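For reference, the structure discussed in these notes is given below.
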Amino acid sequence: MKWKKIGDILILDNKFTVQSDTQLKELSDKHNVKTIMKVDHIYGTKREPVIKLLYGNDTETINKENGCLFKLDLKKVMWSKGNNNERIRIAKLVEDNETVIDMFAGIGYFSIPIGVHSNAKQIYSIEINPNSFHYLKENIKLNKISNITPLLGDCINITPDYKADRIIMGYVKTTHHYLKVAIDSLNKGGVIHYHETVPEKLMDIRPINRIKELAGDRQVEFLKLNKVKKYSPGVFHVVCDVRIN
C-alpha cells in the first residue's frame, strides 16, 4: 500500500517518493485531502507518532469507520487502519447487558463501536496517553454514547478496581505483562480478547499457554485465534479469544 486516507488526511508510505510540490498538490486534489504526511514511527507505551508534514499543516480530522466517528489529531495519536475488521468483530460479539473493560482504549477504537453497535450495560475505557484520552472523551460525545466511562491512567493500576464480563486487550508487544490483572478482573464465565505479536510457528501455542499459566485453577476454554495482520517478517499480530470460568 502506497498510502492510506484517514478522514481528510493522506498518509503516504515511507517508501513513497514525492517528486515535487506539484505532485503533492495533485495528490491532494485527487484524494480530496487537506494535509499529506508520513508517519516515521510510533514509539513508547503511549503509542505516540513521529510524523513528517509534506503538504498542509492541519493534522486534526474526523474519520468514519463501521458507522462510527473518530476525531483525532494524527500528529499526536496513532490510527491503525488495518484493525478495522477486528474492531467491528468484537462489537458484534458483545452480548446484551455485558460489562466491558477496554484496556489500552486509545481514542476509543474498540469502545466506540461497542457503544454504537451493542447493548452493553457499561464500558470502562482505560487509556494512559492524555492526548488519546482527550479524543476518547471527544468521540464519546461525538457518537452520543452514554454507557462509556473513560479512565485516565495505567491499565495495570486501574483494571483491578473493576469487574467485567468481557475484557479487550488491544495492545501488542508487551500485552502479556497485563494478563494477570485482566484475568483477575474477569467475572466467572467471562471472555478475554488477548492481542499478541507472535512468531508464526508459535502462533497456536504461546498466546493460549500464557493465559492458561496465569489463570491458575480457573478453567480456560479456547474460543478462537484470529489473525489481524502480519506485523513483521515471520511475526503475526493475533487475537486469542478465551472464556475463563
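Using a Förster distance of 45 Å, how high is the FRET efficiency between LYS2 and GLU213, based on the Cβ-Cβ distance and rounded to 0.05? Provide the component values of the computation, followed by the final result.
Values: r = 42 Å, r/R0 = 0.94.
Once rounded, the FRET efficiency stands at 0.60.
Counting only heavy atoms of protein chains, what accessible area per residue, in Å², does the chain have with a probe of 1.4 Å? Write out the running numbers ahead of the final one.
Details: 11940 Å² over 245 residues.
With all protein chains present, the chain gives 49 Å² per residue.
I'd like the Karplus ³J(HN,Hα) series for region 155-160: coefficients 6.51, -1.76, 1.60, θ = phi - 60°, whole numbers in Hz, and an x wherever there's a Gly or Pro.
Coupling constants for region 155-160: 4, 4, 9, 8, 3, x Hz.
Give me the percent relative contact order of region 63-186, please, defined on Cα pairs under 8 angstrom at least 6 residues apart.
Numbers: 228 pairs, mean separation 32.4, N = 124.
Worked out over region 63-186, it gives 26 percent.
So if each residue of separation counts as 0.36 nm, and I subtract the Cα-Cα distance between ARG206 and ASN157, what length gain in nm does that give?
Details: separation 49, 0.36 × 49 = 17.64 nm, distance 2.53 nm.
Between ARG206 and ASN157, full extension yields an extra 15.1 nm.
Leaving out same-chain residues fewer than 8 places away, which aspartates and glutamates sit with a Cα under 20 Å from that of LYS75?
Excluding near neighbours in sequence, the set is ASP8, ASP13, ASP40, GLU48, ASP58, GLU60, GLU65, GLU127, GLU138.
Mean separation of Cα pairs under 8 Å and 6+ residues apart, divided by the residue count of region 176-243: what relative contact order is that in percent? It would help to have the intermediate numbers written out before the result.
Values: 99 pairs, mean separation 27.5, N = 68.
Averaging sequence separation for qualifying contacts and normalising by length gives 40 percent for region 176-243.
Taking all protein chains in place and a 1.4 Å probe, what share, in percent, of the accessible surface of the chain do carbon and sulfur account for? Could you put the intermediate results ahead of the total?
Working: 5640 of 11940 Å².
Carbon plus sulfur share of accessible area: 47 percent.
Rounded to whole Hz and in sequence order, give me ³J(HN,Hα) for region 110-123 from the Karplus expression 6.51 cos²θ - 1.76 cosθ + 1.60, θ = phi - 60°, writing x for Gly and Pro.
Running phi through 6.51 cos²θ - 1.76 cosθ + 1.60 with θ = phi - 60° gives 9, 4, 5, x, 5, x, 7, 9, 10, 10, 4, 6, 8, 10 Hz.
Starting from the Cα-Cα distance between LYS64 and ASN226, subtract it from 0.36 nm times their residue separation and give me the gain in nm to one decimal. Could you put the intermediate results ahead of the total?
Details: separation 162, 0.36 × 162 = 58.32 nm, distance 2.38 nm.
Length gained between LYS64 and ASN226: 55.9 nm.
Once the other residues with Cβ under 14 Å from the Cβ of ASN157 are scored (Lys, Arg +1; Asp, Glu -1), what is the net sum?
On the way: positive: LYS180; negative: GLU127, ASP154, ASP161, ASP184.
Counting the neighbours of ASN157, the net charge comes to -3.
Would you mind getting me the FRET efficiency between ASP21 and HIS41? Use the beta-carbon distance for r and R0 = 30 Å, nearest 0.05.
Values: r = 25 Å, r/R0 = 0.84.
The calculated FRET efficiency here is 0.75.
Set the bar at 20 Å for Cα to Cα. Now go through LYS141/LYS227; LYS64/LYS137; LYS71/LYS137; LYS121/LYS144; LYS4/LYS144 and name every pair that lies beyond it. Walk me through the numbers before you get to the answer.
Values: LYS141/LYS227 32 Å; LYS64/LYS137 16 Å; LYS71/LYS137 10 Å; LYS121/LYS144 15 Å; LYS4/LYS144 27 Å.
In this structure, LYS141/LYS227; LYS4/LYS144 lie more than 20 Å apart at Cα.
Which trypsin sites (Lys or Arg not before Pro) does region 203-245 hold that lie in a coil by DSSP with at most 14 other beta carbons within 10 Å?
On the way: sites: ARG210, LYS212, ARG218, LYS224, LYS227, LYS229, LYS230, ARG243; in loops: ARG218.
Qualifying residues, ordered by number: ARG218.
What is the distance, in nm, between label points placed 7 Å from the Cα along the Cα-to-Cβ direction at THR149 and at GLU95?
2.2
I'd like the distance between the alpha-carbon centres of region 182-232 and region 95-128, rounded to an integer number of Å.
19
Rank SER185, SER146, SER118 by mean-square fluctuation in a GNM of the chain with C-alpha springs under 10 angstrom and give only the top-ranked residue.
Between SER185, SER146, SER118, it is SER146 that shows the largest mean-square fluctuation.
Sequence neighbours fewer than 8 away in the same chain don't count; with that in mind, list the aspartates and glutamates whose C-alpha is under 13 Å from LYS230.
Once the sequence-local aspartates and glutamates are set aside, what remains near LYS230 is GLU196, GLU200.
Would you calculate a helix-derived [θ] at 222 nm for the chain, using -39,500 (n - 2.57) for each DSSP H run of n ≥ 4 and dividing by the full residue count, to the nearest 500?
Numbers: 7 runs with 61 residues, N = 245.
Mean residue ellipticity, 222 nm, calculated: -7000 deg cm²/dmol.
So what is Rg over Rh here for the chain, counting just Cα atoms and using Kirkwood for Rh? Provide the component values of the computation, followed by the final result.
Numbers: Rg = 18.7 Å, Rh = 18.8 Å.
Ratio of gyration radius to Kirkwood radius for the chain: 0.99.
The values are calculated or read from the model by the stated rules, or taken from the named source; none is laboratory data. All values reported here derive from a predicted model rather than from experimental measurement. Please note: Cβ atoms are built from the backbone with ideal geometry, for glycine as well, and neighbour counts cover all protein chains shown. In case anyone asks, the SASA skips ligands and DNA or RNA and just uses the protein heavy atoms, side chains included. Shrake-Rupley method; radii C 1.70, N 1.55, O 1.52, S 1.80 Å.
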